[in-house]
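Report on one structure; see the data block that follows.
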Amino acid sequence: MVGGPIRIYVPCDAAAISVGADDVAASIRREANRRKIDLELIRNGSRGMLWLEPLVEVETGDGRIAYGPVADGDVASLFDADFLSGGDHALAHGMTEQIAYFARQERVTFARCGVIDPLCLADFEAHGGLLGLRKALAISPTEIVDVVVASGLRGRGGAGFPTGIKWKTALEQLSDEKYICCNADEGDSGTFADRMLMEGDSFSLLEGMVIAGRAVGAATGYIYLRSEYPHAIKTMRCAVDIWREAGLLGDDIERSGTSFDIHIRVGAGAYICGEESSMLESLEGKRGEVKVKPPIPAISGLFGKPTIVNNVLTLATTPFLLAKGAAHYNNFGVGGSRGTQPFQLAGDVARGGLVEKAFGVTLRELVEDFGGGTRSGKPIRAVQAGGPLGAYIPTRGFDVEMDYEALAKAGAMLGHGGVVVFNDTVDMAHQARFAMEFCEIESCGKCTPCRIGAVRGKETIDKIIAGENRAENLEVLDNLCDLMTNASLCAMGGLTPMPVQSAVKHFPEDFGG
Amino acid sequence: MAALIDKLEHAPARLICGRHDNRPDALLEILHEVQTAEGWLSDDALRTIADALNISRAEIHGVVSFYHDYKRRESAKHCIKLCRAEACQAVGAEALAAHAEKKWNAPTSGNGADNQIELEAVYCLGNCALGPSAMIDGELFGRVTPERLDALAEQSIEKAERG
């Protein structure tokens, strides 16, 4: 950096704020005033090393130097240690990008997250923003779809459907109106990548949505954002205003002939609305009840029109595909799982946070090398991968590669990339019961296997826990799980058996086995 | 009759519906805004919304009762939402919830004595690496131990009393 005031970065990410980032930012400003030091304090997104939050960074000629976790009371001592010139301190970690946890990642979707001010368009452009959009505006819709197909990108929401095929289907529909709906209803416990991206690189999502709009011929986009994410809602609303002001949303964007606008809709605390047909009902102002497919949304979705429903990460990755080319992205990954996946390490883990890696990294690398074991210091007993509908995996299964195919083969799933670590105090029968209880609470009620199955499942596990006819009740539970898997309308009822049956299979001792 | 209709009219709800061009697809947004303004959704508010959007009260009831966010009872002065999902369970969310229920003598999804505190269970606040997580009067907190929860709640109450 040449001249000007010293730049300090303090994240505005909700996780950082939850452990005091706002107070730290205020203290730094106060202390700088008191010492008559001119500094520019930027609220960036999080770098994803959440155990170090609030992570304060100082820009130096060689890069940024990290200090964390910084408490309000550490601020004066940081100034005393001359942290503004990168001075040594007990909380110093050296260059941020050389911290092993960060250096070993392959940041594609999250390349800008934590680097830029999420609401500064100049900063966004200086770091490669808008390149993908401008490329897309210069080529035909069919060519855009071809790039997405060739990249091998699959939906990051959990189902893993090839994004390009979905876009192609919507493009082929003849309709006066089409919609792009971004599914930002990230309800899975153990996942926070969508939130981090919206709070840390908000424009990349808008860029992806405009590209999708041009690709399929849609002029309106909706972001369905869950109400539990007030910080993300605020940031995305500001981001949309900034883009409208800059002419990047609206009529005839950059004189390309493409018109597109985005509206933000806030959910109301229903987990099921992360299911696409339920989300579309909710966007229409109705109960979020799941609909029978077909027709698929790409043919008949929102208000009966062709609709693309994509997850935040899927959409935010598309600008990269356009900017760098499909082959570049396709080179990452293994087998049918191309590209990178933002994994999220959560629960009882020493170094929780976001790890973006090419598919094929093993669960052991994630939990042990990145995660560093448990935060409590107790031994790990199990990991739940893929959210509340994902399997419980015992430590002996940790060598599984984290990609769609390998996980499916192991009886597990990737979901939205969440990895929740449990220590040896966990009672797996209790966790299995919770899976059924969660389904009971969150079922939309449309189909019987899910609505009634969850209640009966919970009751049956209660009987097993109480030691009532264990062998018989385990059989009842197994039959019930099979029924839910095969007869439910959507993944809620269809996958609730996954955590239940994996818990019974891998931890029979907790079920009196 | 006229008096009865006047009494049922809920002026703020009518105004909010108008701001959304009385569009039925904006129902969730309208309900959020009315609840933010009033603290809860009263019968009068729902009747007025049904009238403005030209949809039945049964449909509105269907929507309100479907979503966990909407409240049909008056709110307590302070709202504590505790994350009860797996990632927070792995670091002691259940013990934290038990502590809170005892401390404020409030059941989850209910108001404590004097309507001072209400406790709610939420399934994921997206702060899963820094659990247990809580949201107190709209503010998110991570690594919440029982002691930290007590202190944070006290702070929130004091802040409100100072105005």
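Here are the numbers for this structure:
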item: Residue match in the stretch A:182-201 (condition: under 22 Å from the mean Cα position of the chain (by Cα) and among the β-branched types (Val, Ile, Thr)); result: yes
item: Per-region count, the stretch B:21-61, residues under 12 Å from the mean Cα position of the chain (by Cα) and under 12 Å from A:Gly285 (Cβ atoms); result: 2
item: A:Glu97 vs. criteria more than 14 Å from every other protein chain (Cβ to nearest Cβ), free of Cβ contacts under 8 Å to residues at least 40 places away in the same chain, out of contact with any helix residue (DSSP H, G or I) (no Cβ under 7 Å at 6 or more places or on another chain) and surrounded by fewer than 17 Cβ atoms within 10 Å (Cβ to Cβ); result: no
item: The stretch A:259-289 - residue that is among the basic types (Lys, Arg) and in contact (Cβ under 8 Å) with a residue 40 or more places away in the chain and, of those, surrounded by the most Cβ atoms within 10 Å (Cβ to Cβ); result: A:Arg265
item: A:Ala122, sole failed condition from (1) on the phi > 0 side of the Ramachandran plot; (2) without any contact (Cβ under 8 Å) to a residue 40 or more places away in the chain; result: (1)
item: Lone unmet requirement of (1) surrounded by fewer than 21 Cβ atoms within 10 Å (Cβ to Cβ); (2) touching a strand residue (DSSP E or B) at 6+ places or on another chain (Cβ under 8 Å); (3) more than 14 Å from chain B (Cβ to nearest Cβ) for A:Lys409; result: (2)
item: In the stretch A:290-305, the residues that are part of a loop (DSSP other than H, G, I, E, B) and surrounded by 21 or more Cβ atoms within 10 Å (Cβ to Cβ); result: A:Val290, A:Pro297, A:Ala298, A:Gly301
item: Selection within the stretch A:351-407 - among the hydroxyl-bearing types (Ser, Thr, Tyr) and not in a loop (DSSP other than H, G, I, E, B); result: A:Thr362, A:Tyr392, A:Thr395, A:Tyr404
item: First in the stretch A:218-232 and under 29 Å from A:Gly257 (Cβ atoms), second anywhere and hydroxyl-bearing (Ser, Thr, Tyr) and assigned to a loop (DSSP other than H, G, I, E, B), Cβ under 8 Å, 6 or more apart; result: A:Ala219/A:Ser259
item: Close pairs (6 angstrom Cβ cut-off, 6 or more residues apart or separate chains): without any contact (Cβ under 8 Å) to a residue 24 or more places away in the chain in the stretch A:399-418, surrounded by 20 or more Cβ atoms within 10 Å (Cβ to Cβ) anywhere; result: A:Leu407/A:Met413; A:Leu407/A:Leu414
item: Members of the stretch B:68-126 found to be within 13 Å of another protein chain (Cβ to nearest Cβ), in a loop (DSSP other than H, G, I, E, B) and among the hydroxyl-bearing types (Ser, Thr, Tyr), listed by number; result: B:Tyr70, B:Ser109, B:Tyr123
item: Residue in the stretch B:149-157 that is away from every other protein chain (no Cβ under 14 Å), outside any helix (DSSP H, G or I), under 17 Å from the mean Cα position of the chain (by Cα) and of a type in the set (A, V, I, L, M, F, W, C) present; result: no
item: Checking A:Gly4 against (1) surrounded by fewer than 23 Cβ atoms within 10 Å (Cβ to Cβ); (2) in contact with a helix residue (DSSP H, G or I) (Cβ under 9 Å, 6 or more places away or on another chain), the condition it does not meet; result: (2)
item: Of all residues making up the stretch A:257-266, the number that are touching a Leu at 6+ places or on another chain (Cβ under 9 Å), under 17 Å from A:Thr307 (Cβ atoms) and of a type outside the set (A, V, I, L, M); result: 3
item: Number of the exception - B:Glu94 against (1) surrounded by fewer than 23 Cβ atoms within 10 Å (Cβ to Cβ); (2) of a type in the set (Asp, Glu); (3) at pLDDT below 95; result: (3)
item: The stretch B:49-67, residues that are of a type in the set (A, V, I, L, M) and in a helix (DSSP H, G or I); result: B:Ile49, B:Ala50, B:Ala52, B:Leu53, B:Ala58, B:Ile60, B:Val63, B:Val64
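So that you can scan it fast, the table gives a plain yes or no per residue for (1) within 14 Å of chain B (Cβ to nearest Cβ); (2) within 27 Å of the chain's Cα centre (by Cα); (3) not in a loop (DSSP other than H, G, I, E, B):
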{"site": "A:Phe422", "(1), (2), (3)": "yes, yes, yes"}
{"site": "A:Val426", "(1), (2), (3)": "yes, yes, no"}
{"site": "A:Ala435", "(1), (2), (3)": "yes, yes, yes"}
{"site": "A:Glu468", "(1), (2), (3)": "no, no, no"}
{"site": "A:Thr485", "(1), (2), (3)": "no, yes, yes"}
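The values are calculated or read from the model by the stated rules, or taken from the named source; none is laboratory data. All values reported here derive from a predicted model rather than from experimental measurement. Reconstructed Cβ throughout: ideal geometry from the backbone, glycine too, with neighbour counts over all protein chains shown.
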